[in-house]
Structures are given as structure tokens and as C-alpha cells.
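Shown next, in C-alpha cells, is the structure this report addresses.
The values are calculated or read from the model by the stated rules, or taken from the named source; none is laboratory data. All of these numbers come straight from a predicted model, not from anything done at the bench. All Cβ positions, even for glycine, are placed from backbone atoms using ideal geometry, and neighbour counts span all protein chains on display.
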Amino acid sequence: MPHSIKTAISLPEDLMKRVERLRASAGINRSQFFLRALQTYIEEFPETGEEKIASIYRQIRETDKKLLDHFGRHSYKNLPPYEK
């Protein structure tokens, strides 16, 4: 295993009891259990740079639509003439 980093987390007692039962039945230690759980979670829910960008653009599109809906009825034709 490459270099590891220790971390501490706080879990609800009932969740930790469940973790202990599951890891004991699997015959693995806590570190192995949490490592596998995190790897599974990350593999199941990957978010690449492209997906992040797409998400941001979706948010921008929604914001633009809301702005257009709100201000669209105020046409440039209703603005006073431009004076230099």
C-alpha cells in the first residue's frame, strides 16, 4: 500500500456497532473496512473535471433563464435614448 495518512472521524454509536459486526464477519480490520467502503463510494460516484464544469454550466443556464424571465419584459425599446 502506498503511503497512508491517519485520520480520526466521529461516528454515531449505532453505526460503529454495525461497522464492527460487518468487518468482523468479513475478517478485516477497521482500516481495511473503511478503505474498501471509501473506494466503493468513490468509484460509484465519480466526478470528473468535465462533470464539474457541466454542472456549473447547468447552474449558469438556470440563472440566465431566471434573469431573462425576470428582466425580459423590460426591452431595450423601453429604455431612454443613450446620450453621450
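Things to note:
- Of all residues in the stretch 1-56 being basic (Lys, Arg) and not in a loop (DSSP other than H, G, I, E, B), the one that is modelled with the lowest pLDDT: 52
- Of 20, 50, all but one fail to be loosely packed, with under 10 Cβ neighbours inside 10 Å and not hydroxyl-bearing (Ser, Thr, Tyr); the exception is 50.
- Qualifying residue in the stretch 32-39 (condition: aromatic (Phe, Trp, Tyr), closer than 22 Å to residue 6 by Cα and surrounded by 10 or more Cβ atoms within 10 Å (Cβ to Cβ)): yes
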